[in-house]
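Here is the structure we will look at.
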Amino acid sequence: MELSFEKVSGTGKKAFLQNISFTVKEGYITGLIGANGAGKTTLFHTVMDENAKYEGVIRIDGQDIKECRETIMNRIGFISEEQQFFMDKTAGENVKLYAGVYDVFKEEVFSEFMHRMGLSPGKTVGKMSRGEYLKFQVAFAMAHDSKLFLLDEVTAGMDPVFKKEFFKILHEIVQDETVAVLMSTHIKEEVDMHMDYVARLECGHLVSFKEASEEAE
């Protein structure tokens, strides 16, 4: 799923983003970089929040997300520290509660990735460590056949061993060229080693968009 921002600017009280235009291509990992407060999380929320107020157009596979939000949200995996699940329920119970929301939800895929990441579906989500919660979200996103992954600073403080596995998973899912990844990070090594394209934000403005190899120069 290709994601494109076309002259997106915030309006109302949160008019922070200004004239953002770039495309997140299928088959690639695009890094979103910038200092804290640059607008990275705001950009993610502009995509995910149906009540977000902005000018311009956000398209997924050429479709305006305002016009076909329900269909599009089925294929987006948003992974962050935010509490998006029932925190007093186990991972497995969350699957039972949410699976019916999606057009496709493969519990066997969820179980496979939970096992791969060493996490029990019987653990209460609210009692998970930060890293475990992110792992759970990865497994959940894989299970509902996400074609666009939005990852908000997910590797900050991540265990180095799992980080290696995490990037292995990301590279695997973009291989068939039907999945796009937009990932915010402040870790230069991740940009150099794992990103294909890089969008740099400063104070709500897109100041550059280029191939990662050019960003490293």
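The values are calculated or read from the model by the stated rules, or taken from the named source; none is laboratory data. Keep in mind it's a predicted model, so treat the numbers as computed, not measured. A quick note on method: Cβ atoms are made from the backbone with ideal geometry, for glycine too, and the neighbour counts reach across all protein chains shown.
General observations
This table checks each residue for (1) among the small types (Gly, Ala, Ser); (2) at pLDDT 95 or above.
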{"site": "23", "(1), (2)": "no, yes"}
{"site": "27", "(1), (2)": "yes, yes"}
{"site": "41", "(1), (2)": "no, no"}
{"site": "59", "(1), (2)": "no, yes"}
{"site": "72", "(1), (2)": "no, no"}
{"site": "81", "(1), (2)": "no, no"}
{"site": "108", "(1), (2)": "no, yes"}
{"site": "118", "(1), (2)": "yes, no"}
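- Residues in region 169-180 that are in contact with a Gly (Cβ under 9 Å, 6 or more places away or on another chain) and either at pLDDT 90 or above or surrounded by 16 or more Cβ atoms within 10 Å (Cβ to Cβ) (or both): 174, 175, 177, 178, 179, 180.
- Criterion: within 27 Å of residue 96 (Cβ to Cβ) and surrounded by fewer than 16 Cβ atoms within 10 Å (Cβ to Cβ) - qualifying residue of 213, 146, 208, 129: 129
- Leading residue by the ranking (surrounded by the fewest Cβ atoms within 10 Å (Cβ to Cβ)) among those in region 44-58 that are more than 22 Å from residue 34 (Cα to Cα) and free of Cβ contacts under 8 Å to residues at least 40 places away in the same chain: 51
- Residue within region 16-35 that is surrounded by fewer than 14 Cβ atoms within 10 Å (Cβ to Cβ) and either out of contact with any strand residue (DSSP E or B) (no Cβ under 9 Å at 6 or more places or on another chain) or in the same structural domain as residue 130 (by TED's automatic domain parsing) (or both) present: no
- Among the residues of region 83-115, the ones that are in contact with a strand residue (DSSP E or B) (Cβ under 9 Å, 6 or more places away or on another chain), surrounded by 14 or more Cβ atoms within 10 Å (Cβ to Cβ) and not β-branched (Val, Ile, Thr) come to 4 in all.
- Residues that are hydroxyl-bearing (Ser, Thr, Tyr), touching a residue at least 60 places away in the same chain (Cβ under 8 Å) and outside any loop (DSSP other than H, G, I, E, B), drawn from region 1-43: 21, 30, 41, 42
- Considering region 85-159, the qualifying helices (runs of 4 or more DSSP H), each wholly inside and each with 1 or more residues that are in contact (Cβ under 8 Å) with a residue 60 or more places away in the chain, run over 130-143.
- Hits in region 44-60 - residues which are aliphatic (A, V, I, L, M) and assigned to a helix (DSSP H, G or I): 47, 48
- Residue in region 181-205 that is surrounded by the fewest Cβ atoms within 10 Å (Cβ to Cβ), counting only those that are outside any loop (DSSP other than H, G, I, E, B) and of a type in the set (A, V, I, L, M, F, W, C): 193
- Selection over region 61-78 of residues that are in a loop (DSSP other than H, G, I, E, B) and hydrophobic (A, V, I, L, M, F, W, C) gives a count of 2.
- Residues of region 77-96 that are under 28 Å from residue 59 (Cα atoms) and either acidic (Asp, Glu) or in contact with a Lys or Arg (Cβ under 8 Å, 6 or more places away or on another chain) (or both): 81, 82.
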